[in-house]
1. For the stretch 169-216, which residues satisfy the criterion of being outside any loop (DSSP other than H, G, I, E, B), out of contact with any Leu (no Cβ under 9 Å at 6 or more places or on another chain) and not hydrophobic (A, V, I, L, M, F, W, C)?
2. Every residue in the stretch 361-401 that is part of a loop (DSSP other than H, G, I, E, B) and either open to solvent by less than 20 Å² (accessible area, probe 1.4 Å) or closer than 23 Å to Leu330 by Cβ (or both), please.
3. Within the stretch 135-146, can one find any residue that is modelled with pLDDT of 95 or more and either open to solvent by less than 10 Å² (accessible area, probe 1.4 Å) or of a type in the set (D, E, K, R) (or both)?
4. Name the pairs: first residue in the stretch 36-48 and closer than 11 Å to Arg290 by Cβ and outside the structural domain of Gly66 (by TED's automatic domain parsing), second residue within 7 Å of the ligand (Cβ to nearest atom) and outside any strand (DSSP E or B), Cβ to Cβ under 8 Å, at least 6 apart or on different chains?
5. In the stretch 558-575, is there at least one residue being crowded, with 20+ Cβ neighbours inside 10 Å and either closer than 29 Å to Ser48 by Cα or modelled with pLDDT of 75 or more (or both)?
6. Within the stretch 197-234, work out how many residues are open to solvent by 10 Å² or more (accessible area, probe 1.4 Å), in contact with a Gly (Cβ under 9 Å, 6 or more places away or on another chain) and among the β-branched types (Val, Ile, Thr).
7. Across the stretch 246-270, what is the total count of residues that are in a loop (DSSP other than H, G, I, E, B) and open to solvent by less than 20 Å² (accessible area, probe 1.4 Å)?
8. Name the pairs whose Cβ atoms lie under 6 Å apart, with the first residue in the stretch 136-163 and farther than 25 Å from Lys184 by Cβ and outside the structural domain of His269 (by TED's automatic domain parsing), the second among the aliphatic types (A, V, I, L, M) and loosely packed, with under 14 Cβ neighbours inside 10 Å, and 6 or more positions between them or separate chains?
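The values are calculated or read from the model by the stated rules, or taken from the named source; none is laboratory data. Nothing here was measured: the structure is a model prediction, and the numbers come from that model. Neighbour counts run over all protein chains shown; Cβ positions are idealised from the backbone, glycine included. SASA here: full protein model, heavy atoms, side chains in, ligands and nucleic acids out. Shrake-Rupley method; radii C 1.70, N 1.55, O 1.52, S 1.80 Å.
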Amino acid sequence: MAFPESFIKELTERNDINEVVSAYVRLTKKSGNNMFGLCPFHSEKSPSFSVSNDKQIYHCFGCGKGGSVINFIMEIENLSYPDAVRFLARRVGMAVPEDEKDVNFSRRERMLQLNRDAARYFYEQLSAPNAEDARQYIIKRDISPAMVTRFGLGFAPDSWDSLVFAMQQKGYTKPELLDAGLAKASKKGNGGIYDTFRNRLMFPVIDIRGSVIGFSGRILGDGEPKYMNSPETLVFSKSHNLFAMNLAKKSKMGYIILSEGNIDVVAMHQAGIDCAVASLGTSLTPEQARLISRYVGEVVIAYDGDAAGQKASQRAILILQQLDIKVRVLRMSGAKDPDEYIKKFGAAAFENLLKRSESHIEYRLADIASKYELSSDESRVAFIKEATGLIASLPSTVEREVYSRKTAEMARLSGDTVITEVERIRKRILGQARKKQDSESSRPAHLTQPRGKNLRFDNIKSAAAEKGVIRLLYYEPSLFNEKAQLSEEDFSSPLLAKFYTQLKERIIFGAQPSLALLAENFTSDEISILTEILNEPTELSQSERALDDYIKIIKTEKLKRHSGDGESPDLNEIANKMRESKGYGG
Ligand SMILES: [Zn+2]
């Protein structure tokens, strides 16, 4: 074991799960000892993510994820077990017992250090004699010295090895430069490496904790690619980060402006609009949307006005809506992007534009209308059909009425006609949704099988009893004396058997074992299954009899497995299903 048990125990005691989770999830509803919020791991509109104060575990009834405070940090920060432990130790100022085994942690720290040194180097290069072009470019784009400092902008010289050379002087090795994506291996095969970024204006990408995790380099003037980003590394993932989120998260504006280019972001911040971010050369990803939703509930999309920008807007709207984020869309006329708009018309005009930005419904209605010639009856009908479908999906009655009237005006119809049509469609949609839900919840397998895709229980009856045993072992460890013994072979599920033995090993004098101690030996999917088991209601007053019953079932099922005719009906059924799903069943 990498960390001593006593250390993990103290760590989890000092990192209260409610406090830790609250930094990521708005926990609002309280029910008994549990707090509820919107799950950070899947898209949902009503809270099914619970945090239990007394059990010190989290569990999502929607996607099934769960575990201790350590698992939570592993999942949300995308860290390994040892890194999550170190993260939590740092949070409460505990010293971590040394272990040399973990190379990944030191690799990570070292890469962050290298990135920071590289950022400093690029920044210094901006004042070097050979950076005249870069300085001219900054002046041409009207970027103030204050913004250069604020964003830590820099210059990658027009040279093959200036960064490589400077970093090697500081003691970084070739493999370290390659791993960090700051250098590339020479194609000559002579072991040489060269700078990834050359003759570019450099934007360090800084995560929400303030670490430089990668770079985005813009070409000076025209040319392709316009922006070049660091490749995916141990510390950098494009789809999980947003440029300038480290600054925008502190904004008091109450929303986030999503734009396409880093220069747009700088221009907006310079104009006093400090809530602008840019997705790093990708269209908005669900992970980026989730990052935003940790801080605000509203987004203004300020993508370019061209066809590609419009398409990206549509996609972003859908992703943000999934997270129940309010979306508005900025329509700029006379300029192609926020940077140009601010240069041409000034900061005040841009702020005005922001205030007038359309709700995404208006935006989409206008978009639909633009597809049809509203002069012919035929196209008016087609327009109404598409528009009412959109409006019917809005949860708020007021909104439905407002946009119905607006649509009616556009198509020169009476408002009431459109409202009636919208409500008719809405009824149909709700009916379908209810039917789907009913059929899903009446499926028993849905309830007895774990949600993890890789694990199915072969013997559902025995597995249920095995789960019961595990629950009792966790909550009533004193029950497990010599007479209540089960061995691993008695279990039908290897995973449940492993839970049982690992929990049992950690019971000291009948004390409740800690879920956090198990995190190291199981995958996060497995820990989620264990959490789900522990979260099921347990009647502890009858626990001794329940334990006897469980053991009886487990032993009977084991006998069935080992008796001559062997196969239980469950197994047959599963085998059949597998054959069917592989398509050679009939
Ligand atoms: Zn979930």
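1. If the condition is that a residue be outside any loop (DSSP other than H, G, I, E, B), out of contact with any Leu (no Cβ under 9 Å at 6 or more places or on another chain) and not hydrophobic (A, V, I, L, M, F, W, C), then Gln169, Lys174, Pro175, Tyr194 are the ones that fit.
2. The answer is Ser370, Lys371, Ser393, Leu394, Ser396.
3. yes
4. none
5. Among the residues of the stretch 558-575, not one is crowded, with 20+ Cβ neighbours inside 10 Å and either closer than 29 Å to Ser48 by Cα or modelled with pLDDT of 75 or more (or both), which makes the answer no.
6. So the answer is 3.
7. 1
8. Qualifying pairs under 6 Å: none.
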